[in-house]
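The values are calculated or read from the model by the stated rules, or taken from the named source; none is laboratory data. Computed from a predicted structure; not experimentally measured. In this analysis, Cβ positions are derived from the backbone assuming ideal geometry, glycine residues included, and neighbour counts consider all displayed protein chains. Note: areas computed on protein heavy atoms with side chains; ligands, DNA, RNA excluded. Shrake-Rupley method; radii C 1.70, N 1.55, O 1.52, S 1.80 Å.
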Amino acid sequence: MYLHGTMEINASGHLEIGGVDTVELANVYRTPLFVYDVALIKERMNAFKDAFEKKQVAYQVAYASKAFSTVGMYQLAHSAGLSIDVVSGGELFTALKAGVPASTIHFHGNNKSIDELKMALDEQIGCIVVDNFYELKTIQTLAEERGQTVPVLLRLTPNVEAHTHEYITTGQEDSKFGFDLASGQATKAIGICIADEYLHLLGVHSHIGSQIFETDGFVLAIEKVFENLALWKQTFNYEPAVLNFGGGFGIRYVDGDTPLHPSVYVEKIVEETIKHTTKLEMNMPEIWIEPGRSIVGDAGTTLYTIGSQKDIPNVRRYLSVDGGMGDNLRPALYEAKYEGMLANRANVKPEDTFSVAGKCCESGDMLIWDLPLPDVTANDILAISCTGAYGYSMANNYNRIPRPAIVFVEDGEAQLVVKRETYEDLVKLDLPYQQKAVAPFEN
Ligand SMILES: *Cc1c(COP(=O)(O)O)cnc(C)c1O
């Protein structure tokens, strides 16, 4: 396993994160347990911000909170000066509960409900990123009823799609998100916003994908957006105050993943924006980005206790852990790859290759297919790294397995930020079946 952030192997041969012994964490808080390296999260947030500061442009770094959404994380992001992206009423509620000012919250999503939109308007959040005509109409109606000005960004479909190592430019963009540029839908939506008395069109938004290791896709998307901004300048005399180029900056999960430093993405985005605005003689807009995974992904490590093993001679050695697809759905959902190590015998050399199985009743509940480890025994602690994004946020209760606890570690101290779910929590919403007094089919 690749040691990164504050990870170290201490004198007892244990994996240490944030100056805290992970074996002790497993003893105190039990397993499965998410451990977040707070220093690494802060380093990433600052790296994005510093890159903008160096370029001396107006900006916002918004934490795309769907990657990892808890009260503590919202507080950490807000205290670092980040804005917050939410994609549901639940995330919005959690952010507000954490004390994040509504004015720094942006609301995304392709099917926001009326109740969610009303909540956003009640709270007067920073902006709504409008995704489609149905939503646009709904917001227009609500804003007019209330006589309330609503700041909005329009989400564009830039016809550029990132597939990690390559980009495809699709002629006819097939995406559930955003207003299509090629067919003129985006131009129509811009026109509607400009004409509306209550909509305050801050600018436009694009997001091209996730786990991106190059800047080419952003360059392409920016070019597409500016082709259209040129048109809108002519047609509507419109210039955006904000251009939001989304998130998707990659992280290293396993060997072969080659992310760029946050500053490289930011510098390229800023340079391209300056280039195009200069050419079109437009005012330089504020630039917003929305990193999620690259802020929390490799800062998270999951600790598991190893239980049963099954050796199939000449085929495979399975070992099972006390979690799985309930706390990390990504391998089952899209064959995501991870690295791991024994946290309690971190110095011992690997001897064999093991397949790490979860405890759920699904053959697909495998966390890692090929992991080199020393000879393991029951009660060894397995650490799987880079589980900080889309892990806990996708956690579920399949097989009625309670969701893990979460600790933040920093400067030698651990802080519980999410409690372990209990069996009582699991039945909290269940109601008893009321047996009818008279049997209905009696005769
Ligand atoms: C998911 C998402 C992000 C964050 O993506 P990451 O890959 O986690 O950086 C940013 N913006 C939008 C609109 C998203 O949907």
Margin query: If you build the convex hull over the alpha carbons only and average its shadow over all orientations, what do you get for the range 1-140? Give it in nm² to one decimal.
Written below: 11.4
Margin query: Apply the Karplus curve 6.51 cos²θ - 1.76 cosθ + 1.60, θ = phi - 60°, to the phi angles in the range 248-264 and return the couplings in whole Hz, x for Gly and Pro.
Written below: x, 5, x, 10, 8, 8, 9, 3, x, 7, 10, x, 8, 5, x, 5, 5
Margin query: Let me check the size of the range 108-291 from its C-alpha atoms; what are the radius of gyration and Dmax in Å?
Written below: 16.7, 55
Margin query: How much length would be gained if the chain were fully extended between LEU416 and TYR318, taking 0.36 nm per residue of separation minus their Cα-Cα distance, in nm to one decimal?
Written below: 32.1 nm
Notebook entry, point to check: What is the log10 of I(q)/I(0) for the range 388-442, computed with the Debye formula using one identical point scatterer on each Cα and no solvent, at q = 0.19, 0.26, 0.28, 0.30 Å⁻¹?
Noted result: -0.82, -1.10, -1.16, -1.21
Check: Can you list the lysines whose alpha carbon sits under 27 Å from that of LYS137, skipping same-chain ones fewer than 8 residues off?
Finding: LYS66, LYS112, LYS118, LYS176, LYS188, LYS224, LYS233
Notebook entry, point to check: Sorted by accessible area with a 1.4 angstrom probe, largest first, how do LEU40, LEU431 fall?
Noted result: LEU431, LEU40
Check: In nm, to one decimal, how far is the modelled label at LYS310 from the one at ASP257, with both set 7 Å along Cα→Cβ?
Finding: 2.8
Notebook entry, point to check: What whole-number value in Å² describes the accessible area per residue of the chain for a 1.4 Å probe?
Noted result: 45
Checklist line | Helix axis angle, 38-55 relative to the chain longest principal axis, alpha carbon, degrees | finding: 20
Item checked: Degrees separating the helix 133-146 axis from the principal Cα axis of the chain, which is the longest one -> 70
Next item on the list: Describe numerically, in nm with one decimal, the distance between label points set 7 Å from Cα along Cα→Cβ at ASN283 and at GLN185.
Entry: 3.0
Next item on the list: Quickly work out the LYS54-to-PHE236 label distance, labels modelled 7 Å from Cα along the C-beta direction, and quote it in nm with one decimal.
Entry: 3.5
Next item on the list: Please identify which residues in the range 408-425 have an amide N closer than 20 Å to a label point set 7 Å out from the Cα of ASN27, following the Cα→Cβ vector.
Entry: 408-416
Item checked: Karplus (6.51, -1.76, 1.60) ³J(HN,Hα), θ = phi - 60°, over the range 305-322, in Hz, Gly and Pro reported as x -> 9, 7, x, 6, 10, 9, 9, 10, x, 6, 10, 6, 10, 8, 10, 10, 10, 7
Next item on the list: Determine, for each peptide in 265-273, 187-195, 45-53, 243-251, the mean count of other beta carbons within 10 angstrom over its residues, then list the peptides with the highest first.
Entry: 243-251, 265-273, 45-53, 187-195
Next item on the list: Take the solvent-accessible surface of the protein heavy atoms, probe 1.4 Å, and return the percent of it on the range 108-291 that carbon and sulfur atoms account for.
Entry: 47
Item checked: Residue-averaged [θ]222 nm for the chain, counting only DSSP H segments that reach four residues, each worth -39500 (n - 2.57) -> -9000 deg cm²/dmol
Check: What's the FRET efficiency of GLU271 with ASP430 using the Cβ-Cβ distance as r and R₀ = 56 Å, to the nearest 0.05?
Finding: 0.50
Next item on the list: Could you work out which residue, out of ASP180, ASP425, ASP85, moves most in a Gaussian network model of the chain, that is, has the largest mean-square fluctuation with Cα springs under 10 Å?
Entry: ASP425
Check: HN-Hα J couplings of the range 359-364 from phi, Karplus 6.51/-1.76/1.60, θ = phi - 60°, integer Hz, Gly and Pro as x?
Finding: 9, 7, 7, 8, 4, x
Notebook entry, point to check: What ranking, highest mean first, results for peptides 289-296, 340-347 when packing means the other Cβ atoms within 10 Å averaged over each residue?
Noted result: 289-296, 340-347
